[in-house]
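The values are calculated or read from the model by the stated rules, or taken from the named source; none is laboratory data. Model, not experiment: these values are computed from the prediction. With ideal geometry, Cβ positions are generated from the backbone for all residues, glycine too; neighbour counts draw on all protein chains shown.
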Amino acid sequence: MEWPSGGAGSSAAVPDGSSDATTTVLRLNAMSATFTFAGNFDAEPTPSILRGFSAPVKLEVFPPLSNEELLHALAHDGDAFTRWEAAQTIAREIMCRVVADVASKEWSDPTVVAAAIAADAAFAPFVAAARGVLESAVADDGRVDRAWVEEALSFPGVGALVQRLKPIDPLLVHAVVKARSISHWSPYDRVRVVNAVP
C-alpha cells in the first residue's frame, strides 16, 4: 500500500491502527514532508528505510535511529537490506566509539581494543540480536538466508570507518578493524552457533 507525500511541506494521511496493513510506503519526493500516524498502535512505528535498497544513496536520518530501533530492525524487519543496514550501522557505531575510547590508551595491544568493544553498551544487545539471526539460520526457518547472515554480520572495514571519523588516525582505525577478528568478542564466536550451520 503506497501513500504519496503530496509535496514539499505537505502532510499525508497514513493508515490508522485499525487498518489491516502492516506496512506503508512513504515516498520522500521533496525536501520536506510531514506524515501523521493516527489511531491506536501497540507500539511506536519503526522506520524501515530504503527497503530493498530502493535507491543508491547515502541517507542521513535526523535524529538518527536509536540503538533499540536498529536492533528491532535487525531482529524483525522483513526486508533483507534493512536488516543488513541495521547490523552494519550498529557495528560501525560501536567501532567508532571504540576508536575514540582507546585513542588515549595502549591500543597497539589488540586485547585492549577487544575489551573496549566488549565493554561498549551496545555490544551485548547486538550479540543477542546476532544470536537470534544465527539461530534462525541454523533452524532454517525461512526468516533469513544463510548466505545473507555472513554479509549482515561481517563488520565494516577501514573505509566505512574513516568516512565517519574526523580526525583520522589510520593506524588506530586499522587496529580496531583488526581487533574485530579476535575470537573472544566476535559475534560469531560469542553466539556459538555458527559452526552448527551445515
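Data overview
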{"read-out": "Lone unmet requirement of (1) out of contact with any Cys (no Cβ under 7 Å at 6 or more places or on another chain); (2) assigned to a loop (DSSP other than H, G, I, E, B) for A129", "value": "(2)"}
{"read-out": "Residues located in the range 141-188, provided they are at pLDDT below 55 and surrounded by fewer than 13 Cβ atoms within 10 Å (Cβ to Cβ)", "value": "S183, H184"}
{"read-out": "Odd one out for I117 among (1) part of a helix (DSSP H, G or I); (2) more than 17 Å from the chain's Cα centre (by Cα)", "value": "(2)"}
{"read-out": "Single condition V98 does not satisfy, out of (1) surrounded by fewer than 17 Cβ atoms within 10 Å (Cβ to Cβ); (2) assigned to a helix (DSSP H, G or I)", "value": "(1)"}
{"read-out": "Pairs, first under 18 Å from V61 (Cα atoms) in the range 26-45, second of a type in the set (S, T, N, Q) and part of a strand (DSSP E or B), C-beta under 6 Å, six or more apart", "value": "T34/S11; T36/S11"}
